[in-house]
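Presented below is the structure to which this report refers.
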Amino acid sequence: MGNARLYAAANRQAERLAIMHQASQDILSRSLDLEQVYEAIDRAVGQLMPNEAMTIGLLDDQQEYVEAVYLMDRGVRQPTRRVPADASLTGYMLKLRRPLLFHSAEEWPSDVQHYGGEETVQSVLAVPLQMGGYTLGA
């Protein structure tokens, strides 16, 4: 029984690594077209963790604003938005210096904006988007 669990866990890990490898290859092959890079990230995240919404928020050079450059909500692309960093989930995450996971709407910070529809946000996972030791956004 223990060997079967270990085998299944190893298979899941191998699948995750294959998805991440494919995403990195997609990103490298499209590195000059940011829209395709965003779409490759969205595809990889969707394979690893099915979701209803996906946002890529990038910090400006002074880290005063977050530009939500890629917003998908239930398969529909939303317009780009810009919010002050201190009112964004990206800014909140960077202030805490760690990824964030909210399991319910009650955990969601009241002073942080979200980009989705009018429905109440439930579960949220935010992770830093880093390159060369520099955090670009989330």
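The values are calculated or read from the model by the stated rules, or taken from the named source; none is laboratory data. Note that this is a predicted model, so its numbers are computed, not measured. Glycine also receives a Cβ, built like all others from the backbone with ideal geometry; neighbour counts cover every protein chain displayed. Areas reflect the complete protein model, heavy atoms only, side chains present, ligands, DNA and RNA absent. Shrake-Rupley method; radii C 1.70, N 1.55, O 1.52, S 1.80 Å.
Give the number of residues within segment 88-104 that are over 18 Å from N51 (Cβ atoms) and surrounded by 15 or more Cβ atoms within 10 Å (Cβ to Cβ).
The total comes to 4.
Looking only at segment 126-138, which residues are surrounded by 13 or more Cβ atoms within 10 Å (Cβ to Cβ) and touching a Leu at 6+ places or on another chain (Cβ under 7 Å)?
Correct list: A126, L129, T135, L136, G137, A138.
Can you tell me which residue in segment 30-60 is nearest to G137 (Cα to Cα), limited to those that are surrounded by 13 or more Cβ atoms within 10 Å (Cβ to Cβ) and polar (S, T, N, Q)?
Among those that are surrounded by 13 or more Cβ atoms within 10 Å (Cβ to Cβ) and polar (S, T, N, Q), it is T55.
Counting just the residues of segment 43-60 that are in a loop (DSSP other than H, G, I, E, B) and among the charged types (D, E, K, R), which one comes out farthest from the chain's Cα centre (by Cα)?
D60
Yes or no, residue by residue, for (1) modelled with pLDDT under 80; (2) within 24 Å of P84 (Cα to Cα); (3) of a type in the set (A, V, I, L, M, F, W, C):
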position: Q25; (1), (2), (3): yes, no, no
position: Q47; (1), (2), (3): no, no, no
position: P50; (1), (2), (3): no, no, no
position: L58; (1), (2), (3): no, yes, yes
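Name the single residue, out of those in segment 61-78 being in contact (Cβ under 8 Å) with a residue 12 or more places away in the chain and open to solvent by 90 Å² or more (accessible area, probe 1.4 Å), that is farthest from the chain's Cα centre (by Cα).
Filtering segment 61-78 for residues that are in contact (Cβ under 8 Å) with a residue 12 or more places away in the chain and open to solvent by 90 Å² or more (accessible area, probe 1.4 Å), the one farthest from the chain's Cα centre (by Cα) comes out as E64.
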